[in-house]
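Just below is one structure, and these are the notes that go with it.
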Amino acid sequence: MEKMLIGLISDTHIPDRARILPTKVIEAFEDVELIIHAGDLTSPKAIEELEEIAPVMAVQGNMDRARGIDLPKAKIIEAEGLRIGAIHGEVYPRADSDQLLYLAKELDVDILVSGHSHQPKIEQKEGILLLNPGSPIVPRLADRTVMLLDINNRQVDVEIVKIGSPVCSALDFDQYKRD
């Protein structure tokens, strides 16, 4: 097999921000062979729902750690001759690609999937592909998103799948009452 389709997701925050995964996530992942969750599930329920679609590889996010959900901090898989690493990506400033690149080099991976920023990002740096699928539930100044990672004979294609409109509590101007 020289082809593999992987669903990438992060920061689902179930059940504290949503009761269940949006239907559009399930639709987006219907053909995937593996799902990588880059942390902040906040309950094992998210893994259970995703496992109905495909096998799930998940890592621990800061909110998972706070809730005592025991997952590895990093995981690596080989897919079609490429090493793919998953971490939550707790770097400051958030989503700092230099620090994420350093972590990718530490893990010795070709592709690093991380979350934490709640913003989708595709960046290639020093031959390493840095991916962040964003969040399908609580994006920050971005659309609600997941990603599809298509590997075909070591050729990589990444698609950001928009599964809903942007939402950001910081933009809720009704909370600031004016005279």
For the chain, longest principal axis from Cα atoms; helix 97-107 axis from its Cα atoms; angle between them, nearest 10 degrees, is 40
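Give the shape of the range 28-84 as rounded, prolate or oblate, defined through the alpha-carbon gyration tensor: a ≥ b ≥ c are the square roots of its eigenvalues, a/c under 1.5 means rounded, and otherwise the shape is prolate if a/b is larger than b/c and oblate if not. Before the final figure, lay out the partial values.
Details: a/c = 2.98, a/b = 1.34, b/c = 2.22.
It comes out oblate by the Cα gyration axes.
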Between ARG67 and GLN155, the two model label points (7 Å from Cα along the beta-carbon direction) sit apart by a distance in nm of 4.0
Expressed in angstrom and rounded, the centroid-to-centroid distance over alpha carbons for the range 1-52 and the range 112-138 is 15
So the FRET efficiency between LYS45 and TYR92, C-beta based with R0 = 30 Å and rounded to 0.05, is 0.55
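Report the full-extension gain for the segment ALA74 to LYS105: residue separation times 0.36 nm, less the Cα-Cα distance, to one decimal in nm.
Between ALA74 and LYS105, full extension yields 9.9 nm more.
Considering only the other residues whose Cβ falls under 14 Å of the Cβ of LYS75, what net charge follows from Lys and Arg at +1 and Asp and Glu at -1?
Details: positive: LYS73, ARG83; negative: ASP64, ASP70, GLU78, GLU106, ASP108.
In short, -3.
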With the label point 7 Å along the Cα-to-beta-carbon line of GLU2 and a cut-off under 11 Å to each amide N, the hits in the range 56-92 are none
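For the chain, what is the mean residue ellipticity at 222 nm derived from helices alone (per DSSP H run of n ≥ 4: -39500 (n - 2.57); sum divided by total residues; nearest 500 deg cm²/dmol)? Before the final figure, lay out the partial values.
Working: 4 runs with 29 residues, N = 179.
That calculation yields -4000 deg cm²/dmol at 222 nm.
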Checked against the positive end of the charge dipole of the range 4-77 (+1 on Cβ of Lys and Arg, -1 on Cβ of Asp and Glu, about the Cα centre), the farthest of GLY39, LEU50, ALA28 is GLY39
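Once you keep just the Cα pairs under 8 angstrom separated by 6 or more residues, what percentage relative contact order results for the chain?
Numbers: 439 pairs, mean separation 40.4, N = 179.
Relative contact order comes out at 23 percent.
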Taking Cα pairs closer than 8 Å and at least 6 residues apart, the relative contact order of the range 45-96 in percent is 29
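All of the numbers you see were taken from the coordinates with simple rules; none came from a lab. Just so it is clear, the model here is predicted, and its values are computed rather than measured. Every residue, glycine as well, gets a Cβ built from its backbone with ideal geometry; the counts of neighbours run over all protein chains shown.
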